[in-house]
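Participant: If you scroll down you'll find the structure; I have some questions about it.
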Amino acid sequence: MPTLHDHAHIGGQTLRPESLMMSYGYIPAWSEGAIKPPIFQTSTFVFSSAEQGKAYFELAYGLRQANPDEEMGLIYSRLNNPSLEILEHRLTLWDGAEDAASFASGMAAISTTLLALLKPGDVVLHSEPVYGGSDFFLKNVLPKFGITAVGFRPTATPEELTAQVAGIEQGRLAMIFVETPANPTNHLVDLEACAALARQHGTPEHPIRLVVDNTFLGPVFQHPLKHGADVVLYSATKFLGGHSDLIAGAALANKALMKEIKAMRTFMGTMCDPNTGWMLMRSLETLKLRMERAAQSAQTIADWLRQHPLVARTYYLTHLEHCPAQQDIYRRHCLSPGSMISFDIKGGEAEAFRFLNALRLIKLAVSLGGTESLAEHPATMTHSDISVPEQAEMGITAQMIRLSIGVEDPQDLMLDLEQAFAAVGMAQARELELA
């Protein structure tokens, strides 16, 4: 009988992830020849014998080590489910991870992972800015469990970061948490430098884990595990789902770390549901196509925005000439600039709001990575719980607008952007007349 991995090779050659998304982890003979796996919409699974049930629970609760080639069987969908197992097999392929776990949301993936790998008294050193939900969890939730979050600014040099680590009481630093590119500034963090710092100051008894939120570039355009990360996190709602019709998250790491994370997921109940898992598998089949098309359009639009008279500055990963250090990180870490653009409109919040209110094809909504293009105002929306002085230090301004470019025709998107700029210009002209 064929095994799960037989479809991964042809003639000794390993197939690429975009090809394996159609079949990896599933054998049609298991389900009456159905080319797509069914949704295993069940809460529990029947054991063939009491002895089998005992053996499964021994593995589930770590009461004994698995025998060679022995895997934990199906018990209960809070622990494992075929729909999610197939999904998780496929998720590992893009990042080259040993194991993966799917979650009910991106925040479920982040919170479960951090709670699994941290304990009271630990310190988390994290990049800033990060997604607003992550920022709140780090600064307001973790302290309730005796865990301290310490941020480092995007302008920090490796030397400054080393000094910051040296200022943390020895043995307390347990994690470096990084979101790169940063939301919403697109600032890049040097993963290799962070990994070296973690190895330098960690010990086998007190390891320092490098955990990376890779949502902005996704598994197609950046592979943090190859640059020293221990865990990679995703809001699967974004590019992995990619159609703005589901909420999910994912974590990837080696088997030992994933065992800890999955154990915490079991007891917190933060797993993905089978229907969402099936929808994610559908989306994975077109992931690379969608992301490449959106990135191509984003490059065209970012270059156009850069020349627009009402744009003060663009934040895009091919617009880094002003910062050789950022260019160097981009060259080493990124395979594409992706489809996220931020820009400062000339003026302030009033001009930003006029622009956003005038958009027609591009939708005024938070989230990102969907087939449709979206626009939002980070300072008053996704990052509004961060104080204005802190926003300023992070590079988030009242004039900043964040765009997530979808798969529409880029010329149509620029037509919409231009008419929104025109609405701002007309409003400014009327104000001058009244003055």
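Every read-out reported here was derived from the displayed coordinates using simple, explicitly stated rules and does not represent laboratory data. Just so we're clear, the structure is a prediction, and the values are computed from it rather than from any experiment. Heads up, the Cβs are rebuilt from the backbone with ideal geometry, glycines too, and the neighbour counts pull from every protein chain shown.
Participant: Could you check the spin-label model distance between Asp328 and Asn254? Points 7 Å from the Cα along Cα→Cβ, value in nm.
Facilitator: In this crude spin-label approximation the distance works out to 2.8 nm.
Participant: Over the chain, what relative contact order in percent results from Cα pairs under 8 Å that are six or more residues apart?
Facilitator: Details: 753 pairs, mean separation 66.7, N = 435.
Here the relative contact order equals 15 percent.
Participant: Continuing with the same structure: Helix 106-117 versus the longest principal axis of the chain: what angle, 0 to 90°, nearest 10, using Cα atoms?
Facilitator: With rounding to tens, the tilt is 60 degrees.
Participant: Per 0.36 nm of contour for each residue apart, how much would the distance between Ser367 and Thr14 grow if the chain were fully extended, relative to their Cα-Cα spacing?
Facilitator: Numbers: separation 353, 0.36 × 353 = 127.08 nm, distance 3.44 nm.
Full extension from Ser367 to Thr14 adds 123.6 nm.
Participant: Jot down the radius of gyration and Dmax of region 335-424, Cα atoms only, both in angstrom.
Facilitator: Computed over the Cα atoms of region 335-424, radius of gyration and Dmax are 13.0, 38 Å.
Participant: Three principal axis extents, largest first, for the C-alpha atoms of region 160-226, in Å?
Facilitator: Principal-axis extents of the Cα atoms in region 160-226, largest first: 35, 23, 15 Å.
Participant: Just to be sure I understand the curve: with the Debye formula and one point per C-alpha of region 265-342, what is log10 I(q)/I(0) at q = 0.11, 0.18, 0.25 Å⁻¹?
Facilitator: Per q value, in the given order, log10 I(q)/I(0) is -0.48, -0.83, -1.14.
Participant: While we're looking at this one, here's another question. Report the extension gain between Asp303 and Glu321 in nm, rounded to one decimal, defined as 0.36 nm multiplied by the number of residues separating them, less their alpha carbon distance. All intermediate terms of the calculation are to be shown ahead of the outcome.
Facilitator: Values: separation 18, 0.36 × 18 = 6.48 nm, distance 1.32 nm.
In short, 5.2 nm is gained.
Participant: Relative to the compact globular guide of 2.2 N^0.38 Å, what is the alpha carbon radius of gyration of region 115-200, as a ratio? Let's see the in-between values first.
Facilitator: Numbers: Rg = 12.4 Å, N = 86, 2.2 N^0.38 = 12.0 Å.
Here the Cα radius of gyration is 1.04 times the empirical estimate.
Participant: Under a crude label model (7 Å from the Cα following the beta-carbon direction), how far is Thr155 from Met72 in nanometres?
Facilitator: 4.7 nm
Participant: Against the empirical 2.2 N^0.38 Å scaling, what ratio does the C-alpha Rg of the chain come to? Don't jump to the answer; show the numbers that get you there.
Facilitator: Details: Rg = 23.0 Å, N = 435, 2.2 N^0.38 = 22.1 Å.
In units of the globular-protein estimate, the chain measures up at 1.04.
Participant: So which of Lys259/Lys288; Lys36/Lys288; Lys139/Lys363; Lys226/Lys262; Lys119/Lys262 end up more than 24 Å apart by C-alpha?
Facilitator: Lys259/Lys288; Lys139/Lys363
Participant: Going by alpha carbons, how many degrees (0 to 90, nearest 10) lie between the helix axis of 349-358 and the longest principal axis of the chain?
Facilitator: Between helix and principal axis, roughly 70 degrees.
Participant: Now a separate question. Using R₀ = 56 Å, calculate the FRET efficiency as 1/(1 + (r/R₀)^6) where r is the Cβ-Cβ separation of Ala312 and Met22; round to 0.05. Display every interim value, and only then the final one.
Facilitator: Numbers: r = 45 Å, r/R0 = 0.81.
E between Ala312 and Met22, to the nearest 0.05, is 0.80.
Participant: How far is it, in nm, from the label point at Gln428 to the one at Glu169 when both lie 7 Å from their Cα along the line to the Cβ?
Facilitator: With each label placed 7 Å out from Cα toward Cβ, I get 5.3 nm.
Participant: Skipping prolines and chain starts, which residues have an amide H placed within reach, meaning under 5 Å, of the one on Glu376, given they are 5 or more residues away or on another chain?
Facilitator: Answer set, sorted by chain and number: Arg402.
Participant: Continuing with this model, one more query. Using θ = phi - 60° and the Karplus curve 6.51 cos²θ - 1.76 cosθ + 1.60, what whole-Hz ³J(HN,Hα) does each residue of region 161-170 get, with Gly and Pro shown as x?
Facilitator: 5, 4, 5, 5, 5, 5, x, 8, 3, 4
Participant: I've got another one for you. Report, by chain and number, residues whose modeled amide H sits under 5 Å from the one on Leu173, excluding near sequence neighbours (fewer than 5 apart, same chain).
Facilitator: Val123
Participant: In a shell of Cβ-Cβ distance under 15 Å around Ala163, excluding Ala163 itself, what net charge do Lys and Arg (+1) and Asp and Glu (-1) give? Could you put the intermediate results ahead of the total?
Facilitator: Numbers: positive: Arg153; negative: Glu159, Glu160, Glu169.
Summing Lys and Arg as +1 and Asp and Glu as -1 gives -2.
Participant: For region 310-358 and region 211-252, what is the separation of their C-alpha centers, rounded to whole Å?
Facilitator: Centre-to-centre distance over Cα atoms comes out at 21 Å.
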